[in-house]
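Structure record follows, encoded as structure tokens.
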Amino acid sequence: MKAANELFSKVQLPTGSSARQPLVIDPLVDGVTGAQSAATRSMEQKIVDLVRHQHPRFEVEAFTTANLAQQPLVLVGTFTPINNSAGQPTGERDAFRICLALADLKTGKVIAKGVARARPNGVDVAPLPFDADSPAWTRDPAVDGYIKTCQGSKAGDPINAVYADRILAAALINDATSAYNARRYRESLELYRSALRTPGGEQLRAFNGVYLANWKLKRRDEAIQAYARIVDYGLANRQLSVKFLFRPGSTQFWADAQISGPYPLWLKQIAQRSAHSKACLEIVGHTSRSGPEPLNERLSVLRAQAIKDRLETVAAELAKRTIVSGAGSRENLVGTGADDASDALDRRVEFKVIGC
């Protein structure tokens, strides 16, 4: 817990004050994808235990809208697979970079930071249920704001403005995600809907949540409508990555209906919403870094073409408005080469809005 001890040792609290400082933790995330995992949850619990036993000046409280209204200290953090030599999330990931920052909502400033690196041995990066199940990903301003508050700041800097503006919505989304992870799908659905009605709440993770909760509740029509909003969000942001799972070395979808069952619905909405928006798209295939790169390059192109062909069966006009390309493993987001749920985003199919 080097990063956490470094962080709390640097905090300068008001002199003469004996009151414990309220502290909330906005759950830690992967510093590239914004996903939560068993590792980020474990680290968060270790920080809570550390504060309670070694830093009694602070009082850990729940990350809720009510507690945020009191303008507490907020801890944010990222846990990111990196190449240890390069110090960046590129190439072979053989280490983790830990970044923690403490933000003071009263002053609007970052007041302390702690950083460290860890070896990957024994680290469980399995995504939590919500992140494992989420069908789509794109860079979201709110999540990017969180990451920049930690990775793009130093003590004394202002809190990232986008993060600060959307922190109340983030607390609602966190409650909704906790309910989803605990299989309380009705509760999670209402909380995600509440988040979407909150200023700054129209975030991809909230749209994903409404879709997932409806799907779990077997509300197919509502789930389809929710997925259409995911597609619209991606088109408006000019990029959307979808987690289609293919058979190894193939352009055929994974045979398990629990996984690939909703794919026809996804494809139909992607085709219909793209056609409706008159968008032109570059469809980009991606693979994980396992296997020879020339093969990965070819396979990623073939998978992109397979998706293009499927879209055209729904909306023939997309034939002239879509092109395909393959990135192989050059643009891995996770990069661990685990070939399991933890790096599913590395095998994504990406839809980029391009000029017609």
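Key figures
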| read-out | value |
| --- | --- |
| Subset of the range 157-171 (residues that are assigned to a helix (DSSP H, G or I) and either surrounded by 24 or more Cβ atoms within 10 Å (Cβ to Cβ) or modelled with pLDDT under 95 (or both)) | Tyr163, Ile167, Ala170 |
| When residues of the range 286-310 are limited to those that are of a type in the set (S, T, N, Q) and either in contact with an Asp or Glu (Cβ under 9 Å, 6 or more places away or on another chain) or on the phi > 0 side of the Ramachandran plot (or both), the one surrounded by the most Cβ atoms within 10 Å (Cβ to Cβ) | Thr287 |
| Val110 under 23 Å from Leu7 (Cα atoms), modelled with pLDDT under 95 and either surrounded by 17 or more Cβ atoms within 10 Å (Cβ to Cβ) or among the β-branched types (Val, Ile, Thr) (or both) | no |
| So Thr33, is it buried (at least 20 other Cβ atoms within 10 Å of the Cβ), of a type outside the set (Lys, Arg) and not in a helix (DSSP H, G or I) | yes |
| When residues of the range 297-356 are limited to those that are among the small types (Gly, Ala, Ser) and in a helix (DSSP H, G or I), the one nearest to Lys243 (Cα to Cα) | Ala344 |
| Flag if Phe58 is touching a strand residue (DSSP E or B) at 6+ places or on another chain (Cβ under 9 Å), buried (at least 22 other Cβ atoms within 10 Å of the Cβ) and free of Cβ contacts under 8 Å to residues at least 60 places away in the same chain | no |
| Filtered residue count, the range 185-206, keeping only those that are in a helix (DSSP H, G or I) and touching a residue at least 60 places away in the same chain (Cβ under 8 Å) | 2 |
| Residue count, the range 255-266 (criterion: buried (at least 16 other Cβ atoms within 10 Å of the Cβ) and in contact with a strand residue (DSSP E or B) (Cβ under 9 Å, 6 or more places away or on another chain)) | 3 |
| Unique residue being closer than 21 Å to Thr65 by Cα, of a type in the set (A, V, I, L, M, F, W, C), touching a helix residue (DSSP H, G or I) at 6+ places or on another chain (Cβ under 6 Å) and not assigned by TED's automatic domain parsing to the domain that holds Val242 when the list is Ala171, Ala132 | Ala171 |
| Count of residues meeting criterion [crowded, with 21+ Cβ neighbours inside 10 Å and either of a type in the set (Gly, Ala, Ser) or on the phi > 0 side of the Ramachandran plot (or both)] in the range 172-194 | 3 |
| Test: residue in the range 219-236 that is assigned to a helix (DSSP H, G or I), of a type in the set (Ser, Thr, Tyr) and out of contact with any Leu (no Cβ under 8 Å at 6 or more places or on another chain) | no |
| Filter pass, Leu100 being touching a residue at least 40 places away in the same chain (Cβ under 8 Å), part of a strand (DSSP E or B), hydrophobic (A, V, I, L, M, F, W, C) and under 12 Å from Pro22 (Cα atoms) | no |
| Test: residue in the range 271-286 that is more than 21 Å from Gln225 (Cα to Cα), in contact with a Phe, Trp or Tyr (Cβ under 7 Å, 6 or more places away or on another chain) and outside the structural domain of Leu128 (by TED's automatic domain parsing) | yes |
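The values are calculated or read from the model by the stated rules, or taken from the named source; none is laboratory data. Computed from a prediction, not measured in an experiment: that's the story for all the values here. Every residue, glycine as well, gets a Cβ built from its backbone with ideal geometry; the counts of neighbours run over all protein chains shown.
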